[in-house]
Structure formats: C-alpha cells, structure tokens
Amino acid sequence: MWINQREPTGKRLRERELVLLLATLWRPFTAMARFLRLRGGANRGPIVLTLDEVEFLIDCLPPPPEASALRGRLNALLGALRSGQPVPAEVAGERPSSRSPSVDHEVRGSRYRSPALTVDAAVLRGPREALEILLVTRAREPFKGKLAFPGGFVEYNEDPQDAVVRELAEECGIQAKNPQLVAVRGHPSRDPRQHVVTVCYKLDIEGQHEPRAGDDAANAGWYAVETLLKSHEGRARLAFDHADLLAQLAAWLDQRHRR
C-alpha cells in the first residue's frame, strides 16, 4: 500500500509509516480490509491512496473510547505527512534502537528489500495410483488461463498457516484444516511481478467437495497428478513454477509413504 503524500506528485510513504498503516488498518476492521482489497486490483498489488482517503479510513474507526489511542496515533501520523514534518518514533510505533545509526540506515535502505510472501494450498483426493489435485484456473495476469495451486498473498499480521486456509476458502469455497509444510520456493524470477517467496502446505478436507471458483479464480477443479507431470504439455499448463512445485509435492508424498 502506498500513499500519495503530496498530490499529484505521488511521493511514496516511508517504510515505517507503511508498516504502521498496514498493521493498524488491514486486519482489525472488515470494512477497511474490503476497501483496501478493492483498491489493490486483480492481484492485490500495491495500493495507492491519497491522504484524503487515509483520512476517510481513520473516520471508519469505531467511536471512542474503543479506538481513541489508535485514532490519535493515526491522526498524528497523517498530520505529519500533510505538513512534511518527520514522524516521531512513538507515533510510527518504533522502539529506540540499540544499533548504531549506520546499521539502522542499512536496514531501512534498499540493500535489505524484502520479497513478498504467498501461500499455496495442496489439496489431494483419491488413491495413490489415481491421485488428483485441486487446481484453479487463473482469471487474470500473470499467467491468465493457466492452472495454479489455490493461494495468494499473506496479509500483514497473518500467520501463513491461517492464510493458506483462508485463500483456499476464498478461491475454491472449501474449508480445510491441518496444514502440513511441503515446500518453500523463492527463486527471484518465479513471479514476473516481483520477487515472491511461496510456502506450500498440504491441507486435509473431509468428505467429498466440489469446488466453487471465487476471488481471482476463473474455475476450480480436480486434475490427475500423473497426467500433469508425465508430459511437457501437461507441465506447460501450470502457472509460475507450479509444475516443479507439483513434482516436489509428489516426491514429498512418496517420502512420507516410505516411512
């Protein structure tokens, strides 16, 4: 999420204010989360807000006394941004640092840019000799029309294990439980948008489920694992590095079966 500090120049919010706003606005209040998601576009990319829109979000906070402290901090932050003044550490939610100023500068600088984090859900059914996996057809770029593991970006203050359950419900209408770590993949070129690290979990579901596509999925259905992996054409149907992820999942299952 980016904020235009001085319209129309569109200068970007500094990292510490960005962290504060994500932490305070994204998760606690449903109306705000929906608003931010709508502004985020098809793939929940960067969200650009004007300062007036941030002020609107502050007005959406619950009335005092429930959110008095939060409202005060955000108004102080907004006032500092409008005036161009430095944001006090106590307003930005920073603790005094025991490191030298040069170390602090390096941590905040581009040298330590962090990749985005996503989760992928591996949901399987059927016997080992006819194993099927639940996949979605992507409705938007990148890889529009390709098959992919259900998944998406982890939200701020969200546990990845909670995120993978949420994403599966949003994209396929299926409730699952017991996330088990399968793989972590993070090659810088695996996503054309930016450097994205993904965590894949195998999830358990009970009974028979027919998926219903939702969120940014055009379709959702079951696909034979062997068919997808045994040919170049099958692997080419998968988005991102999900063909390699599917092969890694199959190897993970074989290893567990041999135990």
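Look at (1) part of a strand (DSSP E or B); (2) in contact with a Phe, Trp or Tyr (Cβ under 7 Å, 6 or more places away or on another chain); (3) crowded, with 16+ Cβ neighbours inside 10 Å and you find that residue 152 fails only one, number (2). Does residue 179 satisfy being of a type outside the set (Phe, Trp, Tyr) and part of a loop (DSSP other than H, G, I, E, B)? No: the conditions fail for residue 179.
The sole residue among 191, 162 that is surrounded by 12 or more Cβ atoms within 10 Å (Cβ to Cβ), under 18 Å from the mean Cα position of the chain (by Cα) and assigned to a loop (DSSP other than H, G, I, E, B) is 191. The residues listed here are 218, 251; of these, the one that is part of a strand (DSSP E or B) and surrounded by fewer than 14 Cβ atoms within 10 Å (Cβ to Cβ) is 218.
Taken together, the values in this text are just the output of simple stated rules run on the coordinates, not laboratory data. The structure displayed is predicted, hence computed values, not measured ones. For neighbour counting, all protein chains shown are included, and Cβ atoms are generated from backbone atoms with ideal geometry for every residue, glycine included.
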